[in-house]
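Encoded as structure tokens, the structure appears first; notes follow it.
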Number of protein chains: 2
Amino acid sequence: MASEISEITEEDPTSDRPSARARLLAAANELFYQEGVNTVGIDRVIERAGVAKATLYSAYGSKEGLIRAYLAVRHDARRHHLTEAVARHDTPREQLLDIFDSLGESISKPTYHGCAFVNATVEARPDSPIFEATDEYRAWMRALFVDLATAAGAADPDELACHLNLLYDGAGIAARLDRAQTAATAARAAAAVLIDAATAGPGTP
Amino acid sequence: MASEISEITEEDPTSDRPSARARLLAAANELFYQEGVNTVGIDRVIERAGVAKATLYSAYGSKEGLIRAYLAVRHDARRHHLTEAVARHDTPREQLLDIFDSLGESISKPTYHGCAFVNATVEARPDSPIFEATDEYRAWMRALFVDLATAAGAADPDELACHLNLLYDGAGIAARLDRAQTAATAARAAAAVLIDAATAGPGTP
């Protein structure tokens, strides 16, 4: 067990091989996302990562700790992806709509398997640390919608942000459950109607 | 084992006690919905139902067969609930909006735990019979939206139905993941904007 811990805490800077911790996270990211956090047992994750079971516990404490780390990876990836998408445009309206284009890019990938946070959370207990990771992601996502809705001049930015978030989540469900490749395009079209209605001031035609 | 099978196939019409099959389904409905189809093992279901394991297999074939039967129960309940909701109103617009009111009623219950079909399907394999049950439910739901969108005079009923379905699914996710009690009210407000935009003919103010 001592050697397992040293594998994590004492990285060899001259080695090209990813650390045990990184290999565990990569294996978790692949298996948990493709097959589900409940369906995939830790034995498969440690086998895929090529580490001993004790390494998982010393690195992440528990399976839930590893799930939380996996969700943090997904959160970072989505934040990076959406920040890039938003930066492509000048107007808040286009930036809001590009959130749906960005979702469409994800959905179109053969590896798309729905929203990692939805998938991981629907069977989580209320006191599970999985909810903490999901809350953090969803608060960040909502804040992005609110900031852009405010910049777009929405009469009620919180309300518009809420409505757009419903469409975004709904598109993820349609893509996962109905295998609807066009779900994000449909959500984008509905979002455009809602943005225009929310940003048209009184008297605007 | 013979006695287990007879317990299912030879009901005693003079008995008030629910059949083993009915008790299994009731236990599955409660446990699968509250805790998840992956998290809950069949041992807990048969213990709750008070039947032998062989009874489950003779009645439903497998755990997946029981999950499918559980989803059929949820489908019937939702169909009954929504059919009643729609019948309360005369205009297609109000009928469409009452679908969201009906969802709000479900969300407000302390036992609400999200959409049973989403919860059961996100970790299902593509060839799982769980997808069949989910496809049937979602096709029925979509047809309801299309019929009412057509009756409401939408320029493109399929598109409006798709958009309203996104909001409906999104509200279920917000209620489950964010514990957002007002998710259905928000979805209803967004739905009203989309309905009005889709049913306003050219030149209509």
Compute the label-point distances linking B:Arg17 to its equivalents in the other copies; points lie 7 Å from Cα along Cα→Cβ; give nm, one decimal, shortest first. 6.1
Label position 7 Å from Cα toward Cβ: report the copy-to-copy distances for B:His80 in nm, one decimal, ordered from shortest. 5.1
Relative contact order as a percentage, chain B, C-alpha pairs under 8 Å and 6+ apart, gives 18 percent
Distance in nm between label sites at B:Asp196 and A:Asp101, each 7 Å beyond Cα in the beta-carbon direction? 2.9 nm
With DNA, RNA and ligands ignored, accessible area of A:Arg88 (1.4 Å probe; Å², nearest 10): 130 Å²
Can you give me the Cα centroid spacing of the range B:41-55 and the range B:167-197 in angstrom? 37 Å
Log entry, pair B-A: total buried accessible area, probe 1.4 Å, protein chains only, in Å² rounded to 100, is 3100 Å²
Considering only protein heavy atoms, what is the solvent-accessible area of B:Val146 at a probe of 1.4 Å, reported in Å² to the nearest 10? 30 Å²
Counting heavy atoms of the protein chains only and a 1.4 Å probe, report the per residue accessible area for the protein assembly as shown as a whole number of Å². 45 Å²
Just going by the charge dipole of the range A:102-158, with Lys and Arg at +1 and Asp and Glu at -1 on Cβ, which of A:Leu103, A:Ala124, A:Leu144 is farthest out on the positive end? A:Leu103
Under the rule rounded for a/c under 1.5, else prolate if a/b exceeds b/c, else oblate, using alpha carbon gyration tensor axes a ≥ b ≥ c, the range B:111-205 is classed as oblate
For B:Arg44, go 7 angstrom from Cα along the Cα-to-Cβ vector, then report the distances to that same point in the other copies in nm, smallest first. 2.0
Quick check on chain A: helices-only [θ] at 222 nm, where DSSP H runs of length 4 and up contribute -39,500 (n - 2.57) each and the sum goes over total residues. Nearest 500, please. -24000 deg cm²/dmol
About its Cα centre, the protein assembly as shown carries a charge dipole, from +1 on Lys and Arg Cβ atoms and -1 on Asp and Glu Cβ atoms, whose size in debye to the nearest 20 is 380 debye
How big is Rg to Rh over the protein assembly as shown, alpha-carbon atoms, Rh as the Kirkwood inverse-mean-distance radius? 1.02
Under a 1.4 angstrom probe, counting protein chains only, how are A:Leu71, B:Leu144 ranked by accessible area, largest first? B:Leu144, A:Leu71
Find the Cα radius of gyration of chain B, compare it with 2.2 N^0.38 Å by division, and give the number to two decimals. 1.20
Taking only protein heavy atoms and a 1.4 Å probe, the highest-to-lowest accessible-area order of B:His163, A:His80 is A:His80, B:His163
Whole-percent carbon and sulfur contribution to the accessible surface of chain B (1.4 Å, no ligands, DNA or RNA) stands at 54 percent
With all protein chains in place and a 1.4 Å probe, A:Cys115 shows an accessible area in Å² (nearest 10) of 40 Å²
What nm distance separates the two modelled labels at B:Gln34 and B:Ala52, each placed 7 Å from Cα along Cα→Cβ? 2.8 nm
Among the lysines, which have Cα under 28 Å from the Cα of A:Lys53 when same-chain residues fewer than 8 positions away are ignored? A:Lys63
With the full set of protein chains present, the residues of the range B:107-129 whose 1.4 Å probe accessible area falls by 50 Å² or more relative to the chain alone are B:Val122, B:Glu123
Provide A:Asp127, B:Asp135 ordered by accessible surface of protein heavy atoms (probe 1.4 Å), highest first. A:Asp127, B:Asp135
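The values are calculated or read from the model by the stated rules, or taken from the named source; none is laboratory data. As the structure is a prediction and not an experimental result, all values here were calculated from the model. Positions of Cβ are backbone-derived with ideal geometry, glycine not excepted, and every protein chain shown enters the neighbour counts. Keep in mind that these areas ignore ligands, DNA and RNA; they rest on the heavy atoms of the full protein, side chains included. Shrake-Rupley method; radii C 1.70, N 1.55, O 1.52, S 1.80 Å.
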